[in-house]
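The values are calculated or read from the model by the stated rules, or taken from the named source; none is laboratory data. What you see is a predicted model; the values in this text were computed from it and never measured. In this analysis, Cβ positions are derived from the backbone assuming ideal geometry, glycine residues included, and neighbour counts consider all displayed protein chains.
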Amino acid sequence: MSDAALSALLASVIPAAVVLVIALIRLGGRNRRTMRFFGKQRRSTREKLTEQPGPAAEAPHPFDPSGRRPQVRAGRPPWRVLPGWGSRGGPKPRRLRMGKRSPAGKQVRPSPAPLPDVTHRLAGKPSKPTALHVPVQLLSWTSGVAADGGLFAGLTARVATIRGRAHQFHGERGQDAFGLSATRDGRWVVGAVADGLGSTVHADQAAQTAVRSVVKIASDIVDDVPPARWEWNMILREVGRSVEVATRSLGRPLPAANPARRQRPLGPPATTLTVVVVPANGVAGTGVVVGVGDSPAYLLRSGAWRRLLPQDSQPASAGADNATDALPAAAPAMRLVSFDWRPGDLVVVASDGFGNALAGGGTPLGAALAEAWQEPPSLLGFLRDVDFRLSTFNDDRTVLALWCGAFDTAVS
């Protein structure tokens, strides 16, 4: 076949093929439209029939999600449209309705149920939300949250300190401190909590210095004299001198991160201090609590709280700010109490930000912790308990807790 004949053949065949393809496409579209029309008519007739009164409807077909069984004509085999497949034979995505539709016809997504706040213990009416600020200088040893715990000699310890919401709002450092140490001979465990007075300059440094000083002095004692007969007046005067020396050359304090914080005149550095000394072997013995100021100490035994230290000798009066005994002082107003120490007992030394909410166990918080602290909680659980939520309780919170006995056998 010559090239001319081949070209003539192709010129006659190609147009005919194009015409045939177009006709087939149009015929297929007409058939689909016809099927859709009769399908709609069949569905509308079925709906009308179901509206007429008659016998109870049959149970939905187990394989038909629409709940309607296809009609079976006489002489023809039953047929069923597979769910999820369209008229073109391919998979058809199905929409899942997750909520009710709005009046405008748009689907309304259901609002999820609020999750419970498990990060804080709710001890009553919660505080109102407020803006919180980080101090202008944040260091690892001045962070707003610190916690630790585990076995300590024959005891189980939990310690935590949290910067209060008032200082968080003003962008200031926390003014509490804690310390824990064993004496050199290993017979006693010494714990201390200090609360710097907010009306004084460098209150945070005063609290930290007081804790370091008293723990060092007490841990160096190796005499056979029981803690109740230690020279506590001399020890507290030495702690006061350490506070004066450490804060004398600090200069002006750092400004608050919140510019709305009004500067006010501040007095010389001062801090409260409460010290507890108990036997380190975890057996029965005698413990001692020594305090200057309003940082309380409690004993939990058999689910009941007992306040160890009497009330501060200088209760706050109306309009007074931080009216309490404090260090340094020429003659510290010391309070000393001895108590029985038995296996399973819990002694708690805290700052007033936590102690006032505990209130000797007569509050919802005290009742809840009397049950929860029968045995040492996990470290995160202990931190959650200390960081409780309660309206108007916005001061720093520091808690040092010692259980008589080795409860921690694994890291939790």
Query raised in the report: Got a number for residues in segment 335-379 being surrounded by 18 or more Cβ atoms within 10 Å (Cβ to Cβ), touching a strand residue (DSSP E or B) at 6+ places or on another chain (Cβ under 6 Å), more than 26 Å from ALA406 (Cα to Cα) and of a type outside the set (D, E, K, R)?
Result: 1
Requested in this report: For segment 207-223, state whether one or more residues are acidic (Asp, Glu) and surrounded by 24 or more Cβ atoms within 10 Å (Cβ to Cβ).
Outcome: no
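Residues are listed down the side, and each one gets a yes or a no for (1) at pLDDT below 85; (2) touching a Ser or Thr at 6+ places or on another chain (Cβ under 9 Å); (3) closer than 16 Å to LEU400 by Cβ:
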| residue | (1), (2), (3) |
| --- | --- |
| PRO279 | no, yes, no |
| ALA284 | no, no, no |
| PRO296 | no, yes, yes |
| ARG306 | no, no, no |
Requested in this report: Using the structure shown, decide if ASP185 is under 35 Å from the mean Cα position of the chain (by Cα) and charged (D, E, K, R).
Outcome: no
